[in-house]
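Trainee: Here you go, one structure.
The values are calculated or read from the model by the stated rules, or taken from the named source; none is laboratory data. Because the structure is predicted, anything quoted here is derived from the model rather than measured. Using ideal geometry, Cβ is built from the backbone for each residue, glycine included, and neighbour counts are taken over all protein chains shown.
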DNA sequence: TTTTAATATGAATAATCGTTCATTTTTTAA
DNA sequence: TTAAAAAATGAACGATTATTCATATTAAAA
């Protein structure tokens, strides 16, 4: 039954999210994931061909969620600067609400190019492009300086948010709240690029 | 003889830099590092107790270099904004000139908290604080808005540069040159935080 | 030169874990 | 209800690889 299979896949991914976040991909044992999911070791291999595939499926599922959610959020605003501010807030909010996912994306996504030679993270590129598109729109509306290179600016903005996330994810306590961090970071950026 | 030992340690670290960058920590075999260094597998264990220790020593050595170099660069400027610009340029230049090191710091440093429970990267914190101190100085001189929170701003700026590095390190070709990227990123930031 | 100490070697060890598959259990179809 | 198919199990396998250590080599001291 198609429905049940998806259910079990998701159960495995949910378990893997927890275990990968806690131990990292390499130190996470397949048997631990199985135990967390409440199934036998071998069952995992009915749904995933290799351990790697669990991580890839995890990326795909989470990134799809994140991307869809952010698209919706952005569409609620019409002003490019308001979009940027909203992006910052919801990005950081997402991190706060999904620590395990955030930790995996922070840590494992970066090394994914090493152990999965051919895996191209298209969803991540699309996520970055959400910012790129806002900047492009702002330039066209004359709100953002023509000197700004969207390919650099989108990375600078994402990187600023991402480093903040890293700090939260890897340290135990949150020193700044989401609202403050989002407001600060988006205001540096908006003031920095506006015409 | 002290001198010779240090020499061999460095030879091992140099070899490890190459291998870790190419394969990542977990996929790098100790025997490969030994081969790259032109020594026997066992010899590595005279200089390092565990594989982990090679990576830690590597971090320490590289970060010390990076930190020393950047301190010198910053001290050449007196104006906080000029310091920021110089920081951006030399950070990106360093990445460009030391691809292997950059790749390791990008990828392995992030997961270091996972496999080395007790390793605190003090040098990295100091590196971030170089930016924090510049911002503090700028605030005191009235050049930077009092609303700016150095603990957030330093991460935002570093993150912007770091994301650019990530792009360079993980993609094959460099799309933007160092000068352009440094100028863009530091100008967003400076305009964003100035009074 | 001879003795002693320090270094280096690399084959052997031992532990780890991803993956398989013969068997059992559950579900579906007849 | 019974037969066939699908899904699940988990013990066993086998490949990998960090680390050790008995032996050999080189350097230092006597």
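Trainee: If I filter region A:62-81 for residues that are within 12 Å of DNA strand C (Cβ to nearest atom), away from every other protein chain (no Cβ under 14 Å) and either closer than 30 Å to residue A:191 by Cβ or within 22 Å of the chain's Cα centre (by Cα) (or both), do I get at least one hit?
Mentor: Within region A:62-81, none of the residues are within 12 Å of DNA strand C (Cβ to nearest atom), away from every other protein chain (no Cβ under 14 Å) and either closer than 30 Å to residue A:191 by Cβ or within 22 Å of the chain's Cα centre (by Cα) (or both).
Trainee: Across region A:175-195, what is the total count of residues that are at the interface with another protein chain (Cβ under 7 Å from one of its Cβ atoms), in contact with a strand residue (DSSP E or B) (Cβ under 7 Å, 6 or more places away or on another chain) and not in a helix (DSSP H, G or I)?
Mentor: 0
Trainee: Name the pairs: first residue in region A:37-60 and on the phi < 0 side of the Ramachandran plot and within 14 Å of another protein chain (Cβ to nearest Cβ), second residue within 7 Å of DNA strand C (Cβ to nearest atom) and assigned to a helix (DSSP H, G or I), Cβ to Cβ under 6 Å, at least 6 apart or on different chains?
Mentor: Filtered contacts from region A:37-60: A:51/A:30.
Trainee: Give just the number: which of (1) more than 26 Å from residue A:150 (Cα to Cα); (2) in contact with a helix residue (DSSP H, G or I) (Cβ under 7 Å, 6 or more places away or on another chain); (3) outside any helix (DSSP H, G or I) does residue B:147 not satisfy?
Mentor: (2)
Trainee: When residues of region B:131-174 are filtered for being over 22 Å from residue B:108 (Cβ atoms) and either within 11 Å of another protein chain (Cβ to nearest Cβ) or at pLDDT 95 or above (or both), how many remain?
Mentor: Total meeting the criteria: 26.
Trainee: Does region A:1-50 hold any residues that are more than 12 Å from DNA strand D (Cβ to nearest atom) and over 22 Å from residue A:98 (Cβ atoms), and which are they?
Mentor: Answer for region A:1-50, where residues must be more than 12 Å from DNA strand D (Cβ to nearest atom) and over 22 Å from residue A:98 (Cβ atoms): A:49, A:50.
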